[in-house]
Amino acid sequence: MTDTPMVIREPQFGQLKTVLAKLRTDAAAQVTFLVDKNGQSIAVQGDVGNLDTTSLASLAAGNVAATGGMAQLVGEKEFPTLSHEGEHENIYICVIGRALLIVVFDDQASLGLVKLRVKQASREFAQIFAEINSQANESTDDESLFAEITDEDIDSLFK
Amino acid sequence: MTFINYASREINCKIVYYGPGLCGKTTNLQYIYDSTAPTSKGKLISLATETDRTLFFDFMPLELGTVRGFKTRFHLYTVPGQVFYDASRKLILKGVDGVVFVADSQEERMDANIESLYNLEENLQAHGHDLMKLPYVLQLNKRDLPTAIPAADLAAELQRKGEPVHEAVAATGVGVFDTLKSVAKQVLTELRKS
């Protein structure tokens, strides 16, 4: 299951962004961010500025994978949440099925508030991801596009 | 695991460079990074020890262009080659779409190549992948060294399924992009099939 392609379509993408935006406001966070467990960025909301979201996604996935490995060594299935507190900036990460929810916040917000809001939003995200998974095998016109990819299309990427 | 976002019209794929310690995995990525236009690449992240040995992984995102209106992004990862980092290697293979095995051509590294290849097959199996079915390329690196085994002999020993074999000198860039193209093409061809 985890290795079937994750396919996000317009309606679910919009729903994910809406929940991310609400969470960002409710938690007084700077950035709220969804990535998949393999480090691919799914959606982001907030004041990204100079934040390198691609690198953040990859490092967060590596972080969760490493702590997940440690969890198994001590007999736990996983550690579902991680928090990193800095002098000014903080990061909270929560595992939601195949995805990771990342919240970047500063001293205007508190970890307790972020945890509470993330818990509330997690249920909504879980529902949307359940819908995404259930539609993973439905084909659309767009998917037939992939079947029509020619060798020339692929070669053109390397010119 | 390919990630397709229809809303933003993006395809993201994950390619992992695997191989024994000091075979040149990071050097491959460094060369790709140095030779790519800034608009096509993100930052090269290296989680390395103080002596520049890969501790967890190196990572760089690379945008190749558009196919049928979809932006194609490849996320390139290396694994730590040293034997005792096996737990980390296994984690990085999660969700992989294509693998490049970087072999060290030096005679004295032959056993390390074989051990690493065996380790790759084992770790792929742990994630439910079969090397025989996965987009895969064999790179014979360090062809410029005097102790390099003849390429045909090395390939005969390490080739698993008739995969493409590329001779390389990653430090100077020889064969680096040929290897990348070769695995990327297989990944996209696989996407077409699915």
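Observations on the structure shown:
- Only the Cβ atoms of Lys and Arg (+1) and of Asp and Glu (-1) were treated as charged; on that basis the dipole of the stretch A:10-156 about its Cα centre amounts to roughly 1100 debye.
- Cubic angstrom per residue, convex hull over Cα atoms of the protein assembly as shown: 141
- Principal-axis tilt of helix B:110-126 within chain B, Cα atoms, nearest 10 degrees: 40
- For A:Cys94, B:Cys13, order by how many other beta-carbon atoms lie within 10 Å, fewest first: A:Cys94, B:Cys13
- Taking 0.36 nm per residue of separation and subtracting the current Cα-Cα distance, fully stretching the chain between B:Lys71 and B:Glu122 would add 15.1 nm.
- Residues B:Asp153 and A:Thr53, FRET efficiency given R0 of 51 Å [Cβ-Cβ distance, rounded to 0.05]: 0.65
- Relative contact order of chain A, taken over Cα pairs closer than 8 Å and 6 or more residues apart, is 25 percent.
- Angle in degrees between helix A:10-26 and the longest Cα principal axis of chain A, rounded to the nearest 10: 10
- With contacts taken as Cα pairs under 8 Å and at least 6 residues apart, chain B reaches a relative contact order of 23 percent.
- Considering only alpha-carbon pairs that sit under 8 angstrom and 6 or more positions apart, the relative contact order computed for the stretch B:25-106 is 23 percent.
- Of B:Lys133/B:Lys185; B:Lys71/B:Lys94; A:Lys159/B:Lys133, pairs whose Cα-Cα distance is over 25 Å: A:Lys159/B:Lys133
- Inter-part distance where the stretch A:23-63 and the stretch B:124-167 are each reduced to a Cα centre, Å: 36
- Long-range tail of P(r) for the stretch B:13-146 (Cα pairs > 24 Å, %): 28
- The alpha carbon convex hull volume per residue for the stretch B:1-67 rounds to 114 Å³.
- Simple spin-label estimate for B:Glu108 and A:Glu152 gives 5.3 nm between the two label positions (7 Å along the Cα-to-Cβ direction from each Cα).
- R0 of 45 Å, Cβ-Cβ distance B:Glu190-A:Asp107: FRET efficiency to nearest 0.05: 0.45
- Integer Hz, Karplus 6.51/-1.76/1.60 couplings in order for the stretch A:118-125, x for Gly and Pro: 5, 4, 5, 5, 4, 5, 5, 4
- Tensor-based shape of the stretch B:74-194 (alpha-carbon gyration tensor, a/c under 1.5 rounded, otherwise prolate or oblate): oblate
- Aspartates and glutamates with Cα under 19 Å of B:Lys90, excluding same-chain neighbours fewer than 8 positions away: A:Asp3, A:Asp36, A:Glu76, A:Glu78, B:Asp58, B:Glu115, B:Glu121, B:Glu122, B:Asp130
- The residues packed around A:Gln30, meaning those with a beta-carbon under 13 Å from its beta-carbon, carry a net charge of -3 if Lys and Arg are +1 and Asp and Glu are -1.
- Cα-based Rg / Dmax (Å) for chain A: 17.4, 54
- Against the main long axis of the alpha-carbon atoms of chain A, helix A:53-73 sits at an angle near 70°.
- FRET efficiency estimate (nearest 0.05) - Cβ-Cβ, A:Ala126 to B:Ala171, R0 41 angstrom: 0.30
Every read-out reported here was derived from the displayed coordinates using simple, explicitly stated rules and does not represent laboratory data. Because the structure is a prediction, the values reported are computed rather than measured. FYI the Cβ positions are ideal-geometry reconstructions off the backbone, even for glycines, and counts take in every protein chain you see.
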